[in-house]
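Report on one structure; see the data block that follows.
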Amino acid sequence: MAQTASITAQKVVGLLSAAERGLQAVLGDVATNAGVDLPVIRPENVLHQNTPVVLVEKNVTVKYPTVLVYCDKIQNLLTEKFRTFSGKVRTVAEVRMSQDRVEGLEEKVRLYVDAVTEVLDANRGDWGQGMFFPGRYEVKFEPVQRGGRNFLQAAKVIFEVDLSS
């Protein structure tokens, strides 16, 4: 089961970090269309990790914006009779942004979420290794809180990947 979550999260990290069709490529268009200057999310800031903000900031130097990718739920539905695993892996791409002023923070987080969902939309379908992304996702915005460079906001893009192995 743990390998199932790891394989799926690593695939999503790869999609978001890709040079040509990943976040860096999409963010330029999103920022231009919105008329906002957005800091780039570098590939090294797209991490396979599920760690609370408080813990990360106490133990690691964090560079914002960042995207954390992790699986929070696995269901072996046994939809394919003779497979070890055939079900759904719920995956989360959590966008975190921090700045010294609260003004404009929410707008930037929304634009980063738009970029993440554009990458997902562009990669709808077969991901190989028995993974299939049907294209459905849900977004949850967290309230602004203290952290990072004074203020921090996070948003979670939650989606399911069908997996058969």
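The values are calculated or read from the model by the stated rules, or taken from the named source; none is laboratory data. Since we're looking at a predicted model, the values are computed, not measured. Virtual Cβ from ideal backbone geometry, glycine too; neighbours counted across all protein chains shown.
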Quiz item: Being in a helix (DSSP H, G or I), modelled with pLDDT of 90 or more, farther than 16 Å from F133 by Cβ and of a type outside the set (D, E, K, R), is that true of even one residue in region 6-20?
Solution: yes
Quiz prompt | Verdict on V60 being modelled with pLDDT under 90, over 25 Å from G130 (Cβ atoms) and within 17 Å of the chain's Cα centre (by Cα) | solution = no
Quiz item: Hey, any hits in region 95-109 for a residue that's crowded, with 20+ Cβ neighbours inside 10 Å and in a helix (DSSP H, G or I)?
Solution: yes
Exercise. With the condition kept exactly as written, say whether any residue in region 81-92 is in contact with a helix residue (DSSP H, G or I) (Cβ under 7 Å, 6 or more places away or on another chain), part of a strand (DSSP E or B) and either under 19 Å from T117 (Cβ atoms) or polar (S, T, N, Q) (or both).
Key: yes
Exercise. Can you confirm whether region 65-74 contains a residue that is touching a residue at least 60 places away in the same chain (Cβ under 8 Å) and more than 19 Å from A155 (Cα to Cα)?
Key: yes
Quiz item: Among (1) within 19 Å of V46 (Cα to Cα); (2) surrounded by fewer than 19 Cβ atoms within 10 Å (Cβ to Cβ), where does V144 come up short?
Solution: (1)
Quiz item: Would it be correct to say that Y70 is at pLDDT below 95 and either surrounded by 14 or more Cβ atoms within 10 Å (Cβ to Cβ) or in a helix (DSSP H, G or I) (or both)?
Solution: no
Quiz item: Limited to region 110-147, what total is found for residues that are over 28 Å from F85 (Cα atoms) and among the small types (G, A, S)?
Solution: 2
Quiz prompt | Any hit, region 45-60, residues being under 21 Å from V139 (Cβ atoms) and part of a helix (DSSP H, G or I) | solution = yes
Practice problem: Could you check Y112 against (1) aromatic (F, W, Y); (2) in contact (Cβ under 8 Å) with a residue 60 or more places away in the chain; (3) surrounded by fewer than 17 Cβ atoms within 10 Å (Cβ to Cβ) and say which number it fails? | Solution: (3)
